[in-house]
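Single-structure report; data block below.
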Amino acid sequence: MVLTTTRYYQLFQKYLDENISEEMIIEDLEEVERGEILDSYWIFRPMVAVKIIKDFETKGIKYIAMEPTLTIDEFQLMEKIYVELGNTLILKDITVDVFQKERILVDAFNEIVKEFLIELDPILKLKLLYYLYRDYIGLGPIDPMLNDPYVEDISCDGYNIPVFVYHKKYGNIPTTVSFSDLELDRYVQALVQQSGKHISFGNPIIDASLPDGSRLQATYGTEITPRGSSFTIRKFTEEPLTPIDLMRLGTYTAEQMAYFWLAVENKLNLMVVGETAAGKTTTLNAVLMFLPPDAKVVSIEDTREISLRHENWIAGVTREVTTGDEKSISMYDLLKAALRQRPEYIVVGEVRGIEAQTLFQAMSTGHAAYSTLHAGDIHQTIYRLESDPLNVPRSLIQFLDIVPIQTQWTKAGVRKRRVTGVYEFLGVDPNDKNLLINEVYRWESYEDSYYLINQPKKLEKIAVIRGETYEETLDELRRRADFLRFLDRQDIRDYVHLTHIIHSYYRNPQETFEDIMKEGMKYEISLE
């Protein structure tokens with residue numbers, strides 16, 4: 001069982017006394033007094049809170065993680081306990097499940113306190129236990145940021161430099177956390193070790209995944225990064241955004257999502273394209289919730305980001321060589337192996353190299369393929385696919401059916417994701433050998449609205465597969481758009497529940513709709 005940082009909060013919860021007031025755990029910091037509070041919220045009540053402040057002098061924004069406050073004497077006591085814990089835990093077997101780790105840690109703590117012949121105040125005991133959980137089971141000083149639902153990325157750029165977070169509402173902002181030379185070197189080593197790898201002067205750069213699935217990129221020392229060791233963590237969302245979430249955020253419309261639903265069901269190929277941090281993988285994961293319930297799926301990634309509620313799914317991850325006895329496993333190796341597993345759907349997290357040719361060959365032989373690509377628009381997409389190192393022939397690019405282009409957009413200081421256009425590849429022009437492109441949807445930034453530019457031609461292909469007329473397929477698209485809007489009104493956003501409903505829709509659309517209607521009526525009655 002993998003322990004996420006959120007889970008250790010749940011473990012710690014049993015030590016909290018309901019009668020303890022929040023003010024007794026967290027006290028205001030001096031930094032807050034020097035700035036205007038822009039935002040504040042709890043992460044783990046009553047132990048961890050966040051305040052976003054605007055500094056009166058610099059006018060800059062700062063992120064402050066509010067944790068239990070310790071006096072000098074209390075901090076010195078905690079340091080002594082940490083020293084004794086190090087001597088005690090080195091003799092324990094820590095290759096156990098999370099519940100046993102918790103018991104080992106708390107038992108060792110109680111033994112040390114008993115040996116010190118001191119009686120801990122209940123409040124102080126809670127504070128010390130919190131820091132023990134944070135540092136020994138969590139990820140230490142950056143743990144509050146990892147548990148902040150508004151934080152997407154966490155990065156440290158070097159020695160004595162503030163750690164930065166990417167906040168969904170405020171963008172990149174510095175925190176009050178920083179590391180000295182020795183602290184950062186040790187911390188980077190500890191992070192990498194948690195991912196099951198090793199970093200050193202001989203192997204100073206690592207890409208890995210933390211136990212909770214977050215992506216870690218780290219460097220060690222000053223040879224590769226002159227400002228010192230560094231790390232960047234791209235947080236993994238345990239509960240991924242659903243199509244309903246993307247509709248609510250304005251990234252896609254219900255019609256666009258219904259169009260993708262029909263495309264996935266009928267094995268059309270799709271590639272989500274966009275710039276860095278445009279939300280490509282988030283969209284891909286949401287679209288994959290439309291997979292038919294019994295279809296065989298194989299996913300291939302450098303680090304795990306795809307999260308599906310699907311039984312018949314093989315998730316493949318690449319491996320780098322760390323010792324001479326191991327063999328590196330590339331995306332190309334995994335893709336070749338996947339084709340031998342007779343998958344109906346192939347998912348590649350992101351195409352970057354020669355695996356692109358194999359992926360497009362799989363498309364041409366009838367496999368449904370889904371992936372992401374870095375590019376700014378449809379023309380850059382074609383150029384990247386045809387150029388080094390991908391080198392996909394134009395004769396194969398035509399098998400890619402649908403390409404949504406995403407971007408990151410800022411309005412009134414708030415960053416949002418939008419799909420600038422949805423395109424279809426219709427084949428190759430026999431005269432000039434250019435790709436035939438149909439622009440289906442277009443986004444206008446000044447209105448923040450979507451327009452249907454041309455009717456989706458791929459519906460004709462879907463109609464043939466379904467054995468019905470184009471008009472009947474168009475009617476089904478509208479029904480599914482209405483169905484998704486209905487789910488939105490019923491506030492059905494949990495990805496497990498939503499996936500179950502989609503699977504049920506495949507088996508019996510009318511019965512599923514009626515069941516949701518009944519659930520909605522019960523919910524409205526309960527509110528009244």
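The values are calculated or read from the model by the stated rules, or taken from the named source; none is laboratory data. In this text the structure is predicted, and so the values were computed from the model without any measurement. Reconstructed Cβ throughout: ideal geometry from the backbone, glycine too, with neighbour counts over all protein chains shown.
Which of the residues spanning region 458-495 are over 34 Å from the mean Cα position of the chain (by Cα) and among the small types (Gly, Ala, Ser)?
Residues satisfying the conditions are ALA463, GLY467.
Of the residues LEU184, LEU139, which is buried (at least 21 other Cβ atoms within 10 Å of the Cβ), under 21 Å from the mean Cα position of the chain (by Cα) and either within 19 Å of PHE236 (Cβ to Cβ) or not assigned by TED's automatic domain parsing to the domain that holds ALA108 (or both)?
Checking each option against the conditions leaves just LEU139.
Do we have GLU439 as more than 19 Å from LEU270 (Cβ to Cβ) and outside any helix (DSSP H, G or I) here?
No; evaluated as a whole, the condition is false for this residue.
Name the one entry in GLN406, GLN361, GLN398 that is surrounded by 19 or more Cβ atoms within 10 Å (Cβ to Cβ) and either in contact (Cβ under 8 Å) with a residue 12 or more places away in the chain or not assigned by TED's automatic domain parsing to the domain that holds ALA277 (or both).
On inspection, the qualifying residue turns out to be GLN406.
Provide a single number: the residues in region 251-268 that are assigned to a loop (DSSP other than H, G, I, E, B) and farther than 26 Å from ARG215 by Cβ.
4
Rundown of residues vs (1) surrounded by fewer than 23 Cβ atoms within 10 Å (Cβ to Cβ); (2) within 16 Å of the chain's Cα centre (by Cα), yes/no style:
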position	(1), (2)
HIS198	yes, no
ARG215	yes, yes
TYR252	no, no
ALA277	yes, yes
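Looking at this structure, is LEU38 of a type outside the set (Val, Ile, Thr), at pLDDT 70 or above and over 13 Å from LEU129 (Cβ atoms)?
Taking the combined requirement at face value, the residue satisfies it.
Name the one entry in LEU426, LEU459, LEU487, LEU498 that is in a helix (DSSP H, G or I), modelled with pLDDT of 95 or more and in the same structural domain as TYR259 (by TED's automatic domain parsing).
Sole residue among the options that is in a helix (DSSP H, G or I), modelled with pLDDT of 95 or more and in the same structural domain as TYR259 (by TED's automatic domain parsing): LEU459.
Return yes when LEU105 is of a type in the set (A, V, I, L, M, F, W, C) and buried (at least 20 other Cβ atoms within 10 Å of the Cβ) and no when it is not.
yes
Could you look through region 219-239, keep only residues that are crowded, with 20+ Cβ neighbours inside 10 Å and assigned to a loop (DSSP other than H, G, I, E, B), and pick out the one that is farthest from the chain's Cα centre (by Cα)?
GLY228
In the set LEU216, LEU182, which member is in a helix (DSSP H, G or I), farther than 19 Å from TYR63 by Cα and modelled with pLDDT of 90 or more?
Result: LEU182 is the single residue among LEU216, LEU182 that is in a helix (DSSP H, G or I), farther than 19 Å from TYR63 by Cα and modelled with pLDDT of 90 or more.
Somewhere in region 117-133, is a residue farther than 19 Å from TYR15 by Cβ and in a strand (DSSP E or B)?
No, region 117-133 contains no residue that is farther than 19 Å from TYR15 by Cβ and in a strand (DSSP E or B).
Within region 52-66, count every residue that is surrounded by 20 or more Cβ atoms within 10 Å (Cβ to Cβ) and charged (D, E, K, R).
Qualifying residue count, region 52-66: 1.
Of all residues in region 101-116, which are aromatic (Phe, Trp, Tyr) and assigned to a helix (DSSP H, G or I)?
The answer is PHE109, and nothing else.
ALA263 - would you say it is more than 23 Å from the chain's Cα centre (by Cα) and assigned by TED's automatic domain parsing to the domain that holds ARG394?
Considered against the rule, which asks whether it is more than 23 Å from the chain's Cα centre (by Cα) and assigned by TED's automatic domain parsing to the domain that holds ARG394, ALA263 comes out as yes.
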